[in-house]
Amino acid sequence: MPTSLLLIWLISTLSIALVILRPFKMPEFVWAVGGAVLLLLLRLLTPAEGLAGVAKGLDVYLFLTGMMLLAEVAREEKLFDWLAAHATRLAQGSAQRLFLLIYLVGVVVTTFLSNDATAVVLTPAVAAAVKAAKVKNPLPYLLICAFIANAASFVLPISNPANLVIYGAHMPPLLEWLPRYLLPAAVAIGATYFLLRYTQRDELSQDIEKDIKIPTLERGGKVALGGIAGTAVALLAASALDRPLGLPTAVTGVFTTAIVLLIVRKSPLVVIRSVSWAVLPLVAGLFVLVEGLNKTGITQWLSSLLTRGAAESATGTTWASGVGVALLCNVLNNLPAGLITGNVLQTAHVSEPIKSAMLIGIDLGPNLSVTGSLATILWLVALRRENLTVSAWQFLKLGALVMTVPLLLAIGSLFLVSH
């Protein structure tokens, strides 16, 4: 292997490892951007190639900007406190019922607003709910936000930006998508729930507060709630029209934030300063690293390997490709892994079950590790704002069960769908 290609592999692998490990507690984006800059400084990538890598994430940057603005303005106007109080009162003192309610809300938010929205919007709401319920250990409920964000992320095309990256211009129409993915998604959602409920059973045996006072939702909070609902409608419309999701999300996010700030007469700096903008350079850095990996010929090699495997054994390749990309997500993060997978599928000659297995692997595989998906990284950022932490090892021990079983069941259900 030429020295330049070896250096690309070394720098990319080391950068991603540092993103996962976060040595010295430095933000994840430092390592991703550092690796991308190093590729440019060593002339392993040209400036044009680096910019091309950054540009591929434009829709994701717009999408995240809109979602983070919506979440922050809703937080500022106490919308999450209001929603949390209602959810906690509905639980009627039952920890198990509160767990189920949060899980069902997570399914709805992920399905119609995307997995990143679940991490950004739902996590602070759940944190507020468990605080109102005077729960001793909030982690079992907050884990829902991380795991359902990935488990429900292939119900609809809009449920995960990675779906759009994989299919690109060849996204199946909604009426083709639903028969193909509805059963696997239902299997993944159900299996993830029962496994989470089982692993957290000791913490869910305690009673919670049921005498919850419902706070008044002020005008700013009502507008924020309307903005989130409007965003869901805009995303569904964009998906139906086969349009990118980033711009409508950014527009509704900025518009809602502006209206709320005008109504409550607050400075925009109140919201802008609180948004976790560091996630944007993290995504950009990851896309540049993938641009470098593409120069090593990995896409062509994987494409020929997949085509050859599909010709020899379609069933075996379905299982191997689904599990393989699921593991790859935890090495690269699912957005860059989805970009590589999309490039591979454009040139490989494979059947629809194999494509479906790979998409399920990209969406569900990240439940193994804390850096498997952008949604989980956003979830970690939201936890830190609540002064809570989850170690990579703690998540991995749980993810080894909660990811593996639903993944295998979801891929297995594809064979039922195909018949």
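Per residue, the average separation of C-alpha pairs within less than 8 Å and at least 6 apart gives the range 324-392 a relative contact order of 41 percent.
Computed extension length for Leu104-Leu139: 10.9 nm, one decimal, from 0.36 nm per residue of separation with the Cα-Cα distance subtracted. Fewest-first ordering of Ile20, Ile340 by other beta carbons within 10 Å of each residue's beta carbon gives Ile20, Ile340. Here the Karplus relation 6.51 cos²θ - 1.76 cosθ + 1.60, evaluated at θ = phi - 60°, turns the backbone of the range 314-330 into coupling constants of 5, 5, x, 5, 4, 5, 5, 5, x, 5, x, 6, 4, 5, 4, 4, 7 Hz, with x for every Gly and Pro. When the scattering of the chain is computed by the Debye formula from its Cα atoms alone, each counted once and equally, what is log10 I(q)/I(0) at q = 0.07 Å⁻¹? The calculated log intensity ratios at q = 0.07 Å⁻¹ are -0.32. Can you compute the FRET efficiency between Val270 and Asn387 using 1/(1 + (r/R0)^6), with r the Cβ-Cβ distance and R0 = 22 Å? Round to the nearest 0.05. The value I calculate is 0.60.
Counted by neighbouring Cβ atoms within 10 Å, the residues His86, His349 run from fewest to most as His349, His86. With 22 Å as the limit, the listed pairs Lys56/Lys397; Lys134/Lys213; Lys136/Lys213; Lys78/Lys134 have Lys56/Lys397 beyond it between alpha carbons.
Taking only Cα atoms, what is the 0 to 90° angle, nearest 10, from helix 404-418's long axis to the longest principal axis of the chain? Here the helix axis deviates by roughly 70 degrees.
Determine the distance separating the Cα centre of the range 197-256 from the Cα centre of the range 295-355; give it in Å without decimals. A separation of 34 Å, based on Cα centres.
Computed over the range 3-418, relative contact order equals 25 percent, with contacts defined as Cα pairs under 8 Å that lie 6+ residues apart. The Cβ shell under 11 Å around Lys213 holds other residues with a net charge of -2, Lys and Arg each +1, Asp and Glu each -1. The C-alpha atoms of the chain define a longest principal axis, and helix 334-347 lies at about 40 degrees to it. Distance from the Cα centroid of the range 1-76 to that of the range 96-138 is 29 Å (rounded to whole angstrom). A helix-only calculation puts the chain at -24000 deg cm²/dmol for mean residue ellipticity at 222 nm, using -39500 (n - 2.57) for each DSSP H run of at least four residues, averaged over all residues.
Computed from the coordinates by the stated procedures, all read-outs in this text should not be read as laboratory data. Everything numeric here is computed off the predicted structure, so don't read it as measured data. Glycine also receives a Cβ, built like all others from the backbone with ideal geometry; neighbour counts cover every protein chain displayed.
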